[in-house]
Every structure is written in structure tokens, then in C-alpha cells.
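Quick notes on the structure that follows.
The values are calculated or read from the model by the stated rules, or taken from the named source; none is laboratory data. The structure presented is a predicted model; accordingly, all values stated were derived computationally and were not measured. Glycine gets a Cβ as well: all are built from the backbone with ideal geometry, and neighbour counts include every protein chain shown. The protein model used for the area step is the full one, side chains on, heavy atoms only, and it has no ligands, DNA or RNA in it. Shrake-Rupley method; radii C 1.70, N 1.55, O 1.52, S 1.80 Å.
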Amino acid sequence: MDPTVSLQLGVDRSSPVPLYFQLSQQLEAAIERGALTPGTLLGNEIELAGRLGLSRPTVRQAIQSLVDKGLLVRRRGIGTQVVHSQVKRPLELSSLYDDLEAAGQRPETRVLRNTVEPASAEVAAALGVAEGDEVHLVERLRLAHGEPMAYLRNHIPSGLLDLDTPRLEATGLYRLMRAAGITLHSARQSVGARAATAGEGERLGEPAGAPLLTMQRTTFDDTGRAVEFGSHIYRASRYSFEFQLLVRP
């Protein structure tokens, strides 16, 4: 049975909003709330068009817009299938691990490097230590449902907490900090975008040149001490940042 039958889809022909966009928004909402789960096959485009009184090109355009967003995929010989929805991360002091869990994405971590190294000028300035001082470096690949989501590179002041690899692969860095009695208070963060290098694309399952989101963050505890400097890259096809903007009184 076509899973879209139970969604009570409909379009408002008197609205200035294009019909394909109305349909794509309803399908996207169904994916986000879990009514269309990952792996679900959508029904035949012709049947969907007939049921809604739409042309087949209109339905095809709606579906293609969701393919472009990474929410659907066309598989030859199988049909159009729902994939894991994009993770939308609010800009607040939270960890990717917690955000993925909250989105029902089953986070997994692979530790790529876990070592001590001399602080570069950039790292030293962020953490408030002397250039050349030893700092802890942790590089991780964060996955959801077995699919790469982000490459995380964190520098932490030496001796701040126990950072053994099994613990890092079992949970998030911020959880480990809280368990060690560190109270996270604030952060300074910048968000950007750039194209993936060949190595980054291979690591994240994207072609070279694919768009990536970037984030740099310095996190401070309740005493004002810098406890972490992170430099992260995210797959733009699977991840986005959400902002809430307020009018200044």
C-alpha cells in the first residue's frame, strides 16, 4: 500500500504558493515527524498525481526537490525511497552527540586520533595556553545510522579529564566533561561553508568539491576557563544549523 495514502495530502489551488512546493512541504513534514520512516518506498507518481488531481510533472518536481535536499533517493529498479532526514542543529551550547540522539539518529563515534601535541599559535590563543604547551588532540568521525555526518577535531587542555578512546567512542565529549565535574557555561562560535577536499570527501562519503558546513568553537566553563577548542566540518547534504533571530527592543 502507498504510505502517502494515510497522510491526507492536499493542495490549495487558490494559494499563490506553487502546487509542487505545497506537496513537497507536506511530504518533508511527514518525513521530519516520522510518518514516513527511512527505507519507506513512495508509491507510483502517476497514482499520487491522480489522487491529488495534479499533473505528473508537478508531482515529479515535488519529489525531485526532496531528492535534492537529501530526504529521498531514486533507486533504479526499486523506486523512490525515504532516507534519513537532515539533522537540524539549533545554535546553542550542545554537542553533536546529544543533538543526534534527540533527533533519533543513533549516533556512533570512530576515534581517528587521540594524542598529545604541542599547541599551535591558533590553538594556544583559543585555549589561553602558551604556544608549544602540550594539549590533547582528539579527531573523531561522527556517524548516524552508520552514515558519516561530521569530522570533529578538538583540542583540550592537557590533564583536564580522562580521554581514553573507548569512552570517547561510547559517548559525547561534553558528557564526559560534565561527568568529570566541568560545568559548561558559554562558547564563542563561528559558522562557515566551503568545498570538500578529496580527503574530506572520501572520509565523509561526499565527492570532492561537495559543500561542507564548518564550525569553530571555543567553550568555557563557569570560571571562564577555556576547556575546548573545536574545528568541525559537516555534510551540508545531511546537516544544517538553525538560527532564532529576535528584534532588538
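Pull up region 122-150, narrow it to residues that are assigned to a strand (DSSP E or B) and β-branched (V, I, T), then point me to the one that is surrounded by the fewest Cβ atoms within 10 Å (Cβ to Cβ). Looking at residues that are assigned to a strand (DSSP E or B) and β-branched (V, I, T), I get V138.
So in region 139-164, with the set limited to residues that are free of Cβ contacts under 8 Å to residues at least 60 places away in the same chain and not hydrophobic (A, V, I, L, M, F, W, C), which one is nearest to L176 (Cα to Cα)? Among those residues, the one meeting the criterion is D162.
All told, R60 falls short of being open to solvent by 30 Å² or more (accessible area, probe 1.4 Å), in contact with a Leu (Cβ under 9 Å, 6 or more places away or on another chain) and in contact (Cβ under 8 Å) with a residue 12 or more places away in the chain. Taken together, the residues in region 38-67 that are more than 25 Å from the chain's Cα centre (by Cα) and β-branched (V, I, T) amount to 3. Which residue is nearest to T218 (Cα to Cα), if the candidates are limited to region 171-206 and must be without any contact (Cβ under 8 Å) to a residue 12 or more places away in the chain and surrounded by 11 or more Cβ atoms within 10 Å (Cβ to Cβ)? In this case the residue turns out to be R178.
The single condition among (1) under 29 Å from P38 (Cβ atoms); (2) more than 21 Å from the chain's Cα centre (by Cα) that E169 does not meet is (2).
Whenever a residue of region 118-138 is in contact (Cβ under 8 Å) with a residue 12 or more places away in the chain, its partners that are among the hydroxyl-bearing types (S, T, Y), lying with C-beta atoms within less than 6 angstrom and at least six residues away or across chains, give the pairs A126/T218; E134/S158; V135/S158; H136/S158; L137/T115. Considering region 220-235, the residues that are of a type outside the set (A, V, I, L, M, F, W, C) and in a strand (DSSP E or B) include one that is farthest from L173 (Cα to Cα), namely R235.
When restricted to residues that are open to solvent by 30 Å² or more (accessible area, probe 1.4 Å), under 18 Å from R75 (Cβ atoms) and not in a loop (DSSP other than H, G, I, E, B), region 21-45 contains 1. Checking R153, R188, R167 one by one, the residue that is in a helix (DSSP H, G or I) and of a type in the set (K, R) is R167 and no other. Considering T171, T197, T183, the condition of being closer than 25 Å to P118 by Cβ and of a type in the set (S, T, Y) is satisfied by T197 alone.
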